[in-house]
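Trainee: Sending over a structure as structure tokens; questions will come in a sec.
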2 protein chains.
Amino acid sequence: MTMTGQDHPFDAATRLTGGNGRYQGHTAAGYANMVGPFGGIIAAVMLRASLDHPERLGDPLALTVNFAAPLADGSFDIDAVPVRTNRSTQHWNIGLTQKGLTMATASAVFANRRMTWSSTEMHYPALPAVHDGVRISDEHFPAWVRQYDIRVLQGGIPPSLTIEHEEAFTRAVSLQWICDEPRRPLDFLSLAAICDTFFPRIYIRRNQFVPAGTVSLSIYFHVSTGEFLALGDKPVLGSARANRFHDNYFDQTAEVWSQDRELLATSSQIVYFKE
Amino acid sequence: MTMTGQDHPFDAATRLTGGNGRYQGHTAAGYANMVGPFGGIIAAVMLRASLDHPERLGDPLALTVNFAAPLADGSFDIDAVPVRTNRSTQHWNIGLTQKGLTMATASAVFANRRMTWSSTEMHYPALPAVHDGVRISDEHFPAWVRQYDIRVLQGGIPPSLTIEHEEAFTRAVSLQWICDEPRRPLDFLSLAAICDTFFPRIYIRRNQFVPAGTVSLSIYFHVSTGEFLALGDKPVLGSARANRFHDNYFDQTAEVWSQDRELLATSSQIVYFKE
């Protein structure tokens, strides 16, 4: 089933009221994480505040979200300010507050892109021949996981998520097919959220769940509005790995590819973990 | 020669006056880029505004700088606001203005880190056995390049920068030894700047200079203040590559390693280019 428009839980969870750069939203139980909401839904709703702003120019190009504190269940305010508008780019500062306290900050760059020479230097991931992926269904995963159909090809956390014949990998690599559940046509908002659907690499690397939370997330978009039409609601391929675990923080990088092997977005994040 | 403290050109270029979150700085001719200052020196001076702030907690962990417009030669203002201070982390919004206009925005996360299990998943780059690197000396490079001793092992742009026996590489990869010239003990500020010393990948990939400029830069720091002592002023190893060139933007990722193979910082940036 594919849902569009305001009926989809994703659209309900990123719905904003208000206007002129001052918006109100509400947390959604379906997108809850261990503590507070799923970071991807926070990224999406903050991006939406710029995207829906009447002065917005062009398409999202870069987004950084800093998670300052776990949101409490309930309403929140978002302020989105276009701090600089150039001929073809626009810079935004976005703040999310609850009762006047900063819970998250974000910056976004929007751009009107024009067609140029293009080349994808990163290699499309090698897909295992053996299986189509293990669907995450363990009830111990947080609520937001059930808003996605995630089929994991690589990156198990046995016994909660066991990939048959998986060898031990370095770099805490994951490879997975992802789409909204129920399906929903991909757009900038859902692509932003999907960039955060990779579990903290510490789970994969040490094969155990420990307290962990993203502190800062950056996303670069490699598509324009017009290109989403061809993508529809088809699953995308996500790939992620860790760089360094050190002194209760680690960083991970990730990419999202279309089924046609187009690199849609690249992202990085730094994550707190407790031993 | 090693210089320390306020005598070094880097310290002069990142010097701030003022206080309580409102600072004044001045562009430095030595760190000029093609248009406006070198992005690395802007990143450093914006980070400094938080680092020198009396309310600062802990060490830099994450920094994102968005370059909104080329700075004009002369003075500028920086506002650094600690928007959220937790028990062990602190979130900053930093803005750089000239005559009241936003020229750059930044966010920074600081943290008090504590010792945990550590592991570097990324592999230390394979160094070519043949040479110690080609020093960049071409007078056609912008002024900031002369503030560094950069020895390029991989990533030529012939005839301006020719690496002997270099094969054609995909992913527009560069590998280079870097240190301040004259030498200066490494710290968070110089490490931030060094993360931006990799030429735009479009130069390497297409072997030509085209108009290009970083739009957004993110850096994750993997070291704490105490660890810099052991690093001294020794050259660090930088590694960079491109992910995707598309519709007048591309993204590149980079790492900075110590000579002891410690991963000091990881970074990513998205860059405008003109065909």
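Values quoted throughout were computed directly from the atomic coordinates according to the rules given, and no laboratory measurement underlies them. Since the model is a prediction, treat every value here as computed from it, not as a measurement. No Cβ is skipped: glycine too gets one built from the backbone with ideal geometry, and neighbour counts run over all protein chains shown.
Trainee: What is the distance in Å between the Cα centres of segment B:13-47 and segment A:65-115?
Mentor: The distance from the Cα centre of segment B:13-47 to that of segment A:65-115 comes to 25 Å.
Trainee: Report the FRET efficiency, 1/(1 + (r/R0)^6), for B:LEU101 and A:LEU229, where r is their Cβ-Cβ distance and R0 is 35 Å, rounded to 0.05. Show your work: numbers first, answer last.
Mentor: Values: r = 37 Å, r/R0 = 1.06.
In this case the efficiency is close to 0.40.
Trainee: Please compute, for peptide B:261-273, the average count of beta-carbon atoms on other protein chains lying within 10 Å of each residue's beta-carbon.
Mentor: Per residue, the average neighbour count from other chains is 4.
Trainee: Still on this model: Comparing A:ASP260, A:ASP196, A:ASP233, which has the greatest mean-square fluctuation in the GNM of chain A with Cα pairs linked when under 10 Å apart?
Mentor: Greatest mean-square fluctuation among the candidates belongs to A:ASP260.
Trainee: Enumerate by residue number the trypsin sites (Lys or Arg not before Pro) in segment B:237-273 meeting two conditions: DSSP loop (anything except H, G, I, E, B), and at most 11 other Cβ atoms within 10 Å of the site's Cβ.
Mentor: Details: sites: B:ARG241, B:ARG244, B:ARG261; in loops: B:ARG261.
Sparse-neighbourhood loop trypsin sites (Lys or Arg not before Pro): B:ARG261.
Trainee: Among A:THR102, A:THR253, A:THR116, determine the one that fluctuates most according to a GNM of chain A built with springs between C-alpha atoms less than 10 Å apart.
Mentor: Among A:THR102, A:THR253, A:THR116, the largest GNM mean-square fluctuation belongs to A:THR116.
Trainee: Given H placed 1.01 Å from N in the peptide plane, which residues other than close sequence neighbours of B:GLU181 have an amide H under 5 Å from its amide H?
Mentor: For B:GLU181, the qualifying residues are B:TYR148, B:ASP149.
Trainee: For chain B, modelled as a GNM with alpha-carbon contacts under 10 angstrom, which of B:GLU166, B:GLU121, B:GLU55 fluctuates the most?
Mentor: Answer for the Gaussian network model of chain B: B:GLU121.
Trainee: Report the calculated FRET efficiency for B:ARG15 and B:ASN207 (r = Cβ-Cβ distance, R0 = 45 Å), to the nearest 0.05.
Mentor: So the FRET efficiency works out to roughly 0.75.
Trainee: Next up: Can you give the angle from 0 to 90° between the axis of helix A:39-51 and the longest principal axis of chain A, with both taken from C-alpha atoms, to the nearest 10?
Mentor: Value to nearest ten degrees: 30.
Trainee: Modelled label-to-label distance, B:SER75 and B:ASP187, 7 Å Cα→beta-carbon offset: nm?
Mentor: Rounded to a tenth, the inter-label distance reads 2.4 nm.
Trainee: List the trypsin sites (Lys or Arg not before Pro) within segment B:78-138 that DSSP assigns to loop and that have no more than 14 neighbouring Cβ atoms inside 10 Å.
Mentor: B:ARG87, B:LYS99, B:ARG114
Trainee: Once R0 is set to 30 Å, what does the formula 1/(1 + (r/R0)^6) return for the Cβ-Cβ distance between B:GLU55 and B:ASP7, expressed as a FRET efficiency to the nearest 0.05?
Mentor: After rounding, the FRET efficiency stands at 0.60.
Trainee: How far apart, in nm, are the 7 Å Cα→Cβ label points at B:GLU166 and A:ARG22?
Mentor: Once both label points are built, they end up 5.5 nm from each other.
Trainee: Which of the trypsin sites (Lys or Arg not before Pro) across segment A:148-205 are loop residues per DSSP, with 15 or fewer other Cβ within 10 Å?
Mentor: The qualifying sites: there are none.
Trainee: Still on this structure, I have one more. Using the Karplus curve 6.51 cos²θ - 1.76 cosθ + 1.60 with θ = phi - 60°, what ³J(HN,Hα) values do you get for each residue of segment B:236-247, in whole Hz, with x for Gly and Pro?
Mentor: Rounded to whole hertz, the list is 10, 9, x, 9, 8, 7, 9, 9, 9, 9, 7, 6.
Trainee: Then there's this: Which ³J(HN,Hα) values in Hz, rounded to whole numbers, follow from the phi angles of segment A:178-191 under the Karplus curve 6.51 cos²θ - 1.76 cosθ + 1.60, where θ = phi - 60° and Gly and Pro get x?
Mentor: So the J values, rounded to whole Hz, are 9, 8, 5, 10, x, 4, 8, x, 5, 9, 4, 5, 6, 5.
Trainee: If each of A:ASP149 and B:LEU127 carries a label point 7 Å out from its Cα toward its Cβ, how far apart are those two points in nm?
Mentor: Label-label distance for A:ASP149 and B:LEU127, simple model: 5.1 nm.
Trainee: Rank the residues A:SER239, A:SER107, A:SER267, B:SER119 as a footprinting-exposure proxy: fewest other Cβ atoms within 10 Å of their Cβ go first.
Mentor: B:SER119, A:SER239, A:SER107, A:SER267
Trainee: May I ask you to report, in nm to one decimal and beginning with the shortest, the distances from A:TYR124 to the same position in the other copies, taking label points 7 Å along Cα-to-Cβ?
Mentor: 3.6
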